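Everything below concerns the one structure shown next.
All of the numbers you see were taken from the coordinates with simple rules; none came from a lab. These numbers come from a predicted model, not from an experiment. Backbone-built Cβ (ideal geometry, glycine too); neighbour counts: all protein chains shown.
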Amino acid sequence: MKFSWEDKVLQSFITVLLVLLGFSTLYPFWNSLVLSFNVGSDTAMGGVTFWPRKWTLDNYDIVLQDTRLLRAFMISVFRTVFGTALSIFFTAMFAYALSKRGLIFRKYYMIYCIVTLYFSGGLIPSFLLIRELGLMNTFWVMVIPGFVSVWNMIIFRTFFLELPDGLEESARIDGCSDFGIFFRIVVPISGPVIATLSLFTAVGHWNDWFGPSIFINQENLLPIQTVLKQILNSNIVTDQMLQATGGNAAALDALSRSQTVTTKSLTMATMMVATLPIILVYPFVQKYFVKGVLVGSLKE
């Protein structure tokens, strides 16, 4: 197939545009990674862009000794694991029920769910509800409100509607109940959509800082992103983190003289610690991602 010069110009333009878009997306992350490995005082002089000019691991040494950050990191891990697993479980079951054409009032259930995509209850009513349920300052306040995602439910339901009716009919002939059909047949063949929505849900749980900042005021329950937000808003980051290492006066004095650590360098190291785990998950679900993301484009 031959391309005209207009097509070649258009392809070249699109290629350049995509390269620039990719660079503008990746560079901030790469620059933050570079600054986290660079000496803080050298970073303050400017000019550190694509590669560390003066290498140091002091930033990560302090971050990984900060018990507050380590505790927040583990809370985020548990929140992401439990929140994602429970959300996918309940959302998939809800979607499977709504995919059954014989379900009474199915249309009204769908309308009720879709309305919530456009209108929320509001922050104050949500706060009052959470307080009355006794979830304030608990780990579960970060998990229970996300049990069902309407957006994920719509994608699950679209996928389930595309499944051949013969699968369910054959299972019923063999004596399977509704739960048996769901767990033994539907779930195993739903790998792509489950993996894709699990990734989206996990990213949402991991990156959420606003909810805990509203519903939790006990520092020992805050996730890593909320703690990171506090660090970014703080003007005394270095002192707080150094004191968290145990208040070693000699180490503090030596580090101060060497000036290898600054507020900015510590912030960048903290950002990397908070960001890398969720990025490393993507390669494990990449093979399902393309298949699963197409599900939302299918029509009933």
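Annotations for the structure displayed:
- Once the Kirkwood radius over Cα pairs is known for segment 1-69, the Stokes-Einstein relation at 37 °C and 0.692 mPa s delivers a diffusion coefficient of 217 µm²/s.
- Positive-end residue of Q65, T80, Y118, charge dipole of segment 1-138 with Cβ unit charges: Y118
- Diffusion coefficient, µm² s⁻¹, Stokes-Einstein with Kirkwood Rh over alpha-carbon pairs of segment 20-132 at 37 °C and 0.692 mPa s: 167 µm²/s
- Values of log10 I(q)/I(0), in the order q = 0.31 Å⁻¹, for segment 149-193 under a Debye, Cα-only, solvent-free model: -1.15
- Using the alpha carbons alone, the radius of gyration of the chain stands to its Kirkwood radius in an Rg to Rh ratio of 1.07.
- Rounded to the nearest 500, the 222 nm mean residue ellipticity of the chain from helices alone is -22000 deg cm²/dmol, with -39,500 (n - 2.57) taken per DSSP H run of at least 4 residues.
- Build a GNM of the chain with springs between Cα atoms under 10 Å apart, and of V227, V150, V115 the one that fluctuates most is V115.
- Charged side chains reduced to their Cβ positions (Lys and Arg at +1, Asp and Glu at -1) give segment 124-172 a dipole of some 300 debye around its Cα centre.
- Residue exposure proxy: V273, V34, V19, V63, ordered by other Cβ atoms within 10 angstrom of their Cβ from fewest to most, comes out as V19, V34, V273, V63.
- Residues E162, E132, E168, arranged from fewest to most other Cβ atoms within 10 angstrom of their Cβ, appear as E132, E162, E168.
- Projected over every direction and averaged, the convex hull enclosing the alpha-carbon atoms of segment 82-216 yields 9.2 nm².
- Largest mean-square fluctuation among G83, G146, G180, in a Gaussian network model of the chain whose springs join Cα atoms under 10 Å apart, belongs to G180.
- Cβ-based net charge around C176, under 12 Å, with every Lys or Arg adding one and every Asp or Glu removing one: -2
- Charge dipole (debye, nearest 20) of segment 60-197; +1 at Cβ of Lys and Arg, -1 at Cβ of Asp and Glu: 300 debye
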